[in-house]
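The values are calculated or read from the model by the stated rules, or taken from the named source; none is laboratory data. Nothing here was measured: the structure is a model prediction, and the numbers come from that model. We place every Cβ from the backbone using ideal geometry, glycine too, and count neighbours over all the protein chains shown.
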Amino acid sequence: MSTETTTTSTEISAPSRFLNEITATSVIVKLYSGEEYHGILESIDGYMNVTMEDTKEYVHGKLIKTYNDVFIRGNNVLYISNV
């Protein structure tokens, strides 16, 4: 009887790697309150604090306002999606 370890061809990566890969790309940041911010991810830190450029704020799918720069505190972030 032999003990054999199985490896798969899919790579499991850490969330921080994903976040580094989407920096400087278009993203959607959805908040727990339901608001969405669509723009270019400038930076993100370990607390999920987010800075974005050329950002549009949407509430219930309706464009509310456009911003040059946005800072979003991490405890408000529900998810970040790559566009």
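Numbers at a glance
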read-out: Conditions (1) at pLDDT 95 or above; (2) closer than 25 Å to residue 15 by Cβ; (3) surrounded by fewer than 11 Cβ atoms within 10 Å (Cβ to Cβ): number failed by residue 45; value: (1)
read-out: Residue count for the range 67-83, restricted to those that are assigned to a loop (DSSP other than H, G, I, E, B) and more than 12 Å from residue 27 (Cβ to Cβ); value: 1
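For (1) in a strand (DSSP E or B); (2) touching a strand residue (DSSP E or B) at 6+ places or on another chain (Cβ under 7 Å); (3) surrounded by 11 or more Cβ atoms within 10 Å (Cβ to Cβ); (4) modelled with pLDDT of 95 or more, each residue gets a yes or a no:
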site: 18; (1), (2), (3), (4): no, no, yes, no
site: 21; (1), (2), (3), (4): no, no, yes, no
site: 51; (1), (2), (3), (4): yes, yes, yes, yes
site: 65; (1), (2), (3), (4): yes, yes, no, yes
